[in-house]
Amino acid sequence: MHTNTDPYLIEQTLKGDTKAFGELVERYQAFVYTIVIRIVKVREEAEEVAQDSFIKAFQSLSSYRGESKFSSWLYSIAYRKALDALRKNKKNNSLELIEEITEGDCSVIENALTYIEDKERSEVIKKCILELPEKEAAIITLFYFEEQSIKEIAKITELTEDNVKVKLYRSRKKLFSLLKHYILPEAYNTNDVNLNSLLI
């Protein structure tokens with residue numbers, strides 16, 4: 001077994017090698033933090049939640065059965081920890097916003113995204129993601145940045161696959177709407193662009 005694979009590092013951790021778990025932390029800490037910050041939106045709190053997520057993962061590692069990728073299992077812990085932190089901080093927490101954007105509007109905004117890509121303005125996209133409702137920001141992050149499948153996201157978020165698809169569809173439209181405020185009018189005549197190619 002290769003010594004740098006997740007299964008090997010997990011096996012070594014369970015045998016008492018804490019350095020092996022340290023390698024897992026180093027491998028996934030950036031992605032865990034990204035998911036958490038998209039939900040809690042406060043840097044200091046996100047750092048704390050991310051740390052708690054790894055502690056929880058370490059304590060629960062013996063329960064990991066390998067039925068899904070380790071990254072998916074870890075992200076599900078981080079996702080739940082972030083939502084727990086959010087609920088503690090918000091008495092009236094609204095995690096879903098329903099906003100309808102017509103197909104025509106969506107097409108115009110999607111065309112305009114080419115302008116952002118050409119100008120290498122990925123930070124604008126990330127900033128707009130932070131303005132999405134917490135769960136939707138997490139789903140967008142998992143799908144585009146982490147390339148998790150609909151099935152994997154459903155396991156992480158404990159939603160049905162159909163619900164994930166609906167939220168992903170709505171989230172894309174909301175993201176387009178937010179991006180429109182950052183795009184110059186003359187960019188609206190650019191060619192179509194695939195959102196998946198932008199959120200990398």
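Details
- Of K135/K165; K41/K69; K127/K174; K56/K173; K151/K173; K151/K180, pairs whose Cα-Cα distance is over 23 Å: K41/K69; K56/K173; K151/K180
- Kirkwood hydrodynamic radius computed over region 4-97 comes to 13.9 Å, based on all pairs of distinct alpha carbons.
- Highest average packing first - 46-53, 161-168, Cβ atoms within 10 Å: 46-53, 161-168
No lab work stands behind these numbers, since they all come straight from the coordinates. This is a predicted model, so every value here is computed, not measured. Ideal geometry is used to build each Cβ from the backbone, glycine not excepted, and the neighbour counts take in all protein chains shown.
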